[in-house]
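Below you'll find the structure, written out as C-alpha cells, and then a few comments.
The values are calculated or read from the model by the stated rules, or taken from the named source; none is laboratory data. All values reported here derive from a predicted model rather than from experimental measurement. No Cβ is skipped: glycine too gets one built from the backbone with ideal geometry, and neighbour counts run over all protein chains shown.
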Amino acid sequence: MSTFLKQLRTIGWAKETVPYTAESTVTANIRADKIEYDEDIQNTARKLAHGDLSLDQVVIGKQALKVKFEAEVYPSTTAVNGSGTSAPVWMGMLGSCGYNVSYYSNGGATGWTSTPSSAATESPMTIVIQEQAEGINPNIVQVKAHGCMGNATFSIDKVGSYPKMSYEFVGAFDGYSVLPDSSSFSVNITETAPAIPVLAATITRSNPDGQITQVCDKVKCTLGAKTELYTDPAASSGYFGAHITSRDPSAEFDPDFSEDSDPVYQDMIAPNAGLLSIGLGAGGLAVQIQAPMAQIMPPAKVGEREGHLVRNLKMRLCRNSGDDELTFTTLNQ
C-alpha cells in the first residue's frame with residue numbers, strides 16, 4: 001500500500017487550445033501554496049416499491065471538480081520586448097478568470113497588464129493536481145479537470161508580509177489516474193523575482209479634493225467573477241465546462257479613522273467614487289493595482305487596530321469606461 005504526503009502535492013495547468021477540450025500536457029510553473037480540491041458529484045436517490053423499507057442504489061450523475069490555491073504576486077524580473085516572453089504566471093492565470101493579459105511599453109517602462117474583459121467568458125484551462133507517494137520511484141495519482149474557469153482575490157494579510165492571489169476554479173471532472181513515477185510531470189518554476197514585502201508601499205484613494213493616503217494593515221481586492229458550469233448530456237461528466245456569466249468586483253481594507261482628513265462618511269453618502277491605487281515594489285520592479293471608480297459601501301464600521309480606531313471599509317469597484325473596474329500591472333523600468 002502506498003502512502004501519500006500532502007507536502008508533495010503539486011499543480012499543473014494549461015490554457016486550452018480548443019476551449020473545453022482537455023489538454024494532454026500541463027506545466028507546473030506556478031509559485032503555488034495551499035492547494036486544495038474537492039469533487040462535486042451529484043447523485044439521485046432511488047426507492048422502488050419492494051414492499052419493504054430498504055433503499056435501492058443511488059444513480060451517480062454530473063461530476064465537477066473545485067480547485068483552490070494561493071500564489072505569490074511578484075513583478076517581471078527582466079525587461080520584456082513583447083516577443084518570446086510571457087506575463088508572470090500568476091497574471092497569466094487571470095486569463096481564465098475573465099481577464100485579458102497583454103504586453104505594454106510606455107517610454108522606458110515595459111511590463112504586463114491584466115484587465116477585465118467581457119469577451120473572456122470562455123477562456124478555460126485544464127488543471128491537474130498531482131499526488132506523490134512516499135519512497136523511491138513512487139506511484140503518483142493525478143486528479144484532472146478541464147473547461148476550468150474561476151475567480152481570484154488579491155490580498156495583503158498584513159504589513160510586512162507578501163501579496164498573494166487566491167484562485168478558485170471549477171471545471172468538468174475527468175477523474176483520477178494512477179500512474180508510475182515515470183509518467184509524472186515535473187515542477188518547473190523558472191520565475192526568480194523575489195516575493196515583495198509590503199513595505200514602503202503606496203496605498204491611496206481619491207475623492208474630489210485629491211488623493212488620500214490610506215494607513216492600513218490589510219487589503220483585499222476580489223475580481224468577483226461568477227462562474228457557472230454548463231450542462232452537456234453528451235459529456236461523460238455531464239458538463240461541457242465552466243463559463244463566467246457576470247462579475248461584481250470589490251475591495252476591503254482597514255484605514256485609520258481620520259474623518260477630519262479622510263472624510264469616509266461624506267464620500268459614502270455623496271457618493272464620491274474615485275481611484276483606489278496600490279503600488280508595491282521598488283528599484284524599477286513593481287506591481288500596481290488600480291480601480292478607477294471605487295465607491296465606499298455602507299456600513300463603514302468603526303473598528304480597532306493596535307489600540308487605534310480604524311474604518312473597516314468595503315468598496316464596490318464600478319465601471320469607468322467599461323471593462324476597467326480592477327486592473328493589475330507589472331512594471332520594469
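Report yes if some residue within the range 253-268 is assigned to a strand (DSSP E or B) and closer than 25 Å to residue 123 by Cα; otherwise report no.
Let us first name the residues in the range 253-268 that are assigned to a strand (DSSP E or B), namely 253, 256.
From what is left, the residues that are closer than 25 Å to residue 123 by Cα are none.
No, because not a single residue in the range 253-268 is assigned to a strand (DSSP E or B) and closer than 25 Å to residue 123 by Cα.
With the structure loaded, tell me whether residue 64 is more than 17 Å from residue 187 (Cβ to Cβ), small (Gly, Ala, Ser), in contact (Cβ under 8 Å) with a residue 24 or more places away in the chain and touching a Leu at 6+ places or on another chain (Cβ under 9 Å) or whether it fails that test. Outline the logic, then answer.
On the way: more than 17 Å from residue 187 (Cβ to Cβ): yes; small (Gly, Ala, Ser): yes; in contact (Cβ under 8 Å) with a residue 24 or more places away in the chain: yes; touching a Leu at 6+ places or on another chain (Cβ under 9 Å): yes.
It is true that residue 64 is more than 17 Å from residue 187 (Cβ to Cβ), small (Gly, Ala, Ser), in contact (Cβ under 8 Å) with a residue 24 or more places away in the chain and touching a Leu at 6+ places or on another chain (Cβ under 9 Å).
For residue 124, all conditions in the list (1) touching a strand residue (DSSP E or B) at 6+ places or on another chain (Cβ under 7 Å); (2) modelled with pLDDT of 95 or more; (3) surrounded by fewer than 18 Cβ atoms within 10 Å (Cβ to Cβ); (4) farther than 20 Å from residue 288 by Cα hold save one; what is the number of the exception?
Among (1) touching a strand residue (DSSP E or B) at 6+ places or on another chain (Cβ under 7 Å); (2) modelled with pLDDT of 95 or more; (3) surrounded by fewer than 18 Cβ atoms within 10 Å (Cβ to Cβ); (4) farther than 20 Å from residue 288 by Cα, residue 124 violates only (3).
Of the residues 320, 272, 312, which is under 30 Å from residue 108 (Cα atoms), in contact (Cβ under 8 Å) with a residue 24 or more places away in the chain and polar (S, T, N, Q)?
Numbers: 272 fails: under 30 Å from residue 108 (Cα atoms); 312 fails: under 30 Å from residue 108 (Cα atoms).
The unique qualifying residue is 320.
Test of understanding: among 166, 237, 206, 246, which residue is out of contact with any Leu (no Cβ under 8 Å at 6 or more places or on another chain), of a type in the set (S, T, N, Q), surrounded by fewer than 20 Cβ atoms within 10 Å (Cβ to Cβ) and in contact (Cβ under 8 Å) with a residue 24 or more places away in the chain? Break it down into steps so the answer makes sense when it comes.
On the way: 237 fails: surrounded by fewer than 20 Cβ atoms within 10 Å (Cβ to Cβ); 206 fails: out of contact with any Leu (no Cβ under 8 Å at 6 or more places or on another chain); 246 fails: in contact (Cβ under 8 Å) with a residue 24 or more places away in the chain.
Sole residue among the options that is out of contact with any Leu (no Cβ under 8 Å at 6 or more places or on another chain), of a type in the set (S, T, N, Q), surrounded by fewer than 20 Cβ atoms within 10 Å (Cβ to Cβ) and in contact (Cβ under 8 Å) with a residue 24 or more places away in the chain: 166.
Among the residues of the range 277-291, is there at least one that is more than 21 Å from the chain's Cα centre (by Cα), in a strand (DSSP E or B) and at pLDDT 95 or above? Step through it out loud before you land on a result.
Going residue by residue through the range 277-291, those that are more than 21 Å from the chain's Cα centre (by Cα) are 282-285.
The next check asks that each one be in a strand (DSSP E or B); those that pass are 282, 285.
From what is left, the residues that are at pLDDT 95 or above are none.
Among the residues of the range 277-291, not one is more than 21 Å from the chain's Cα centre (by Cα), in a strand (DSSP E or B) and at pLDDT 95 or above, which makes the answer no.
Yes/no matrix, rows are residues, columns are (1) surrounded by 12 or more Cβ atoms within 10 Å (Cβ to Cβ); (2) of a type in the set (Lys, Arg); (3) within 21 Å of residue 281 (Cβ to Cβ); (4) touching a strand residue (DSSP E or B) at 6+ places or on another chain (Cβ under 7 Å):
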| residue | (1), (2), (3), (4) |
| --- | --- |
| 31 | yes, yes, yes, yes |
| 39 | yes, no, no, yes |
| 48 | no, no, no, yes |
| 70 | yes, no, yes, yes |
| 101 | yes, no, yes, yes |
